[in-house]
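Down below is the structure, laid out as structure tokens.
The values are calculated or read from the model by the stated rules, or taken from the named source; none is laboratory data. None of these values were measured; they are calculated from a predicted model. In this analysis, Cβ positions are derived from the backbone assuming ideal geometry, glycine residues included, and neighbour counts consider all displayed protein chains.
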Amino acid sequence: MNPVTKAIEILLVEDDPGDIDLIEEALEDAKLQINLNSVRDGVEALAYLRQEGKYTQAISPDLILLDLNLPRRDGREVLQDIKGDNYFKRIPVVVLTTSDAEDDILKSYNLGANCYVSKPLGMQDFIKIVESIENFWFTVVKLPPK
């Protein structure tokens, strides 16, 4: 495997401040240099990706962590927009949500999610999940070039 020489860019689309804090905490001890950028709803996520408004200097993410239950524009709609866009569709999207509903899982994969992870309830389990996502996507997987 080639060592990563530049910072990894992650876009976190999450409206729960507690979950944002937990993800930040889990990534603080990362073996890799990670820049975590977070937005609180689906409208902001699309503005970030399209470098619109206050996000004109946003860097295209290497990975998107996407909650499904978001205000203004939900994660399913955001996922559909991302995977329907020729430029953004190659960015891996990890759905990270509280829902265990079969319908949500099936719909997410049908819309092009790269994986679906249910958020565990306990803080330590949540941190382990985030660390596993980091390890898999940035140590095991070979990501497409930007």
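Things worth noting here:
- Breaking point among (1) modelled with pLDDT of 95 or more; (2) over 16 Å from the mean Cα position of the chain (by Cα); (3) of a type outside the set (Val, Ile, Thr), for Lys142: (1)
- Applying the condition of being more than 14 Å from Asp62 (Cβ to Cβ) and small (Gly, Ala, Ser) to segment 15-48 and asking which residue is surrounded by the fewest Cβ atoms within 10 Å (Cβ to Cβ) yields Gly18.
- Cβ-Cβ under 7 Å pairs, at least 6 apart or on other chains, segment 35-53 side farther than 15 Å from Asp19 by Cβ and without any contact (Cβ under 8 Å) to a residue 12 or more places away in the chain, far side of a type in the set (A, V, I, L, M, F, W, C) and crowded, with 17+ Cβ neighbours inside 10 Å: Gln51/Ala58; Gly53/Ala47
Table: residues versus (1) surrounded by 13 or more Cβ atoms within 10 Å (Cβ to Cβ); (2) under 14 Å from the mean Cα position of the chain (by Cα).
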position: Val78; (1), (2): yes, yes
position: Gly84; (1), (2): no, no
position: Ile91; (1), (2): yes, yes
position: Thr97; (1), (2): yes, yes
position: Asp100; (1), (2): no, no
position: Tyr109; (1), (2): yes, no
position: Ser118; (1), (2): yes, yes
position: Gly122; (1), (2): no, no
position: Phe126; (1), (2): yes, no
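- Scanning segment 107-146 for residues that are part of a loop (DSSP other than H, G, I, E, B) and in contact with a strand residue (DSSP E or B) (Cβ under 8 Å, 6 or more places away or on another chain) yields a count of 5.
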